[in-house]
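Taking it in order: structure first as structure tokens, then the write-up.
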Amino acid sequence: MDHEKIRQAARMIIEAVGEDPSREGMKGTPERIAHLYEEVFCGLKEDPDRVLDTVFTEDYDEIVLVKDIPFFSMCEHHLLPFTGKAHVAYLPSGKIVGISKLARAVDHFARRPQVQERLTNQIADLITKVLEPRGVAVVLEASHTCMTMRGVKKPGSSVTTSAMRGVIRENVATRNEVLGLIYGRSN
Ligand SMILES: [Zn+2]
């Protein structure tokens, strides 16, 4: 990533809005923004094939669900954060992955300019590709700063997206079981 270019761009934005980038409180801001962007966009330079790199052979064939994975991403339309929780479930078919790797898959795709819909699909598609499970469900609930602090200004609103694959998409009972586990309902 071009640290110096981000620094210059941040300085130019500060000047362009009519602020003084040399005043005490702001003179470190371009440098801080460069570090910040390097961190929040670090998913761009990671290899997705190495995200789910610890796969085990196991004949467990019931639902695996990781709930309430916190995530932070940046909306690609405004470069403002959207943050929330991800729920990731799959129905294994002979292969399982370390639980923490599912959270890592969320982070990998979140840490780049994104839209929530694509983020949801990318997580589901990576799990499908690597684990070849019978089914996958990814549900994201997020609050978008570009909606809560600007434009229509709807604080408290949240956006839910879901990506279902395989039997979780095709079979209503299986899908309801997964959604029941995510939302804490008994079936
Ligand atoms: Zn936005």
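FYI, it's all coordinate maths here, none of it is from the lab. Owing to the predicted nature of the structure, the values given are computational and were not obtained by experimental measurement. No Cβ is skipped: glycine too gets one built from the backbone with ideal geometry, and neighbour counts run over all protein chains shown.
Qualifying trypsin sites (Lys or Arg not before Pro) in the range 92-187, where qualification requires a DSSP coil assignment and no more than 12 other C-beta atoms within 10 Å, comprise ARG150, LYS153, ARG185. Within the listed set TYR37, TYR60, TYR90, the Gaussian network model of the chain (springs between alpha-carbon atoms below 10 Å) gives the highest mean-square fluctuation for TYR60.
With the largest listed first and rounded to whole Å, the semi-axes of the equivalent ellipsoid of the range 53-183 from the Cα gyration tensor are 28, 16, 11.
For the chain, with the dipole built from +1 on Lys and Arg beta-carbon atoms and -1 on Asp and Glu ones, taken about the Cα centre, which of VAL178, PRO92, ILE13 lies farthest toward the positive end? So the residue we want is ILE13.
Here the dipole of the range 96-161 is about 220 debye; that uses its Cα centre as origin and unit charges on the Cβ of Lys and Arg (positive) and Asp and Glu (negative). The range 37-67 and the range 104-167 have Cα centres lying 14 Å from one another. Counting only alpha carbon atoms, the long axis of helix 99-110 and the longest principal axis of the chain meet at about 40°. Scaling against 2.2 N^0.38 Å puts the C-alpha radius of gyration of the range 139-187 at 1.54.
From helices alone, the chain scores -12000 deg cm²/dmol at 222 nm; the rule is -39500 (n - 2.57) for each run of n ≥ 4 DSSP H residues, then divide by the residue total.
Given +1 at the Cβ of Lys and Arg, -1 at the Cβ of Asp and Glu and no other charges, the dipole of the chain around its Cα centre is 480 debye to the nearest 20. Only Cα pairs under 8 Å and 6+ residues apart enter the sum, and on that basis the relative contact order of the range 135-187 stands at 37 percent.
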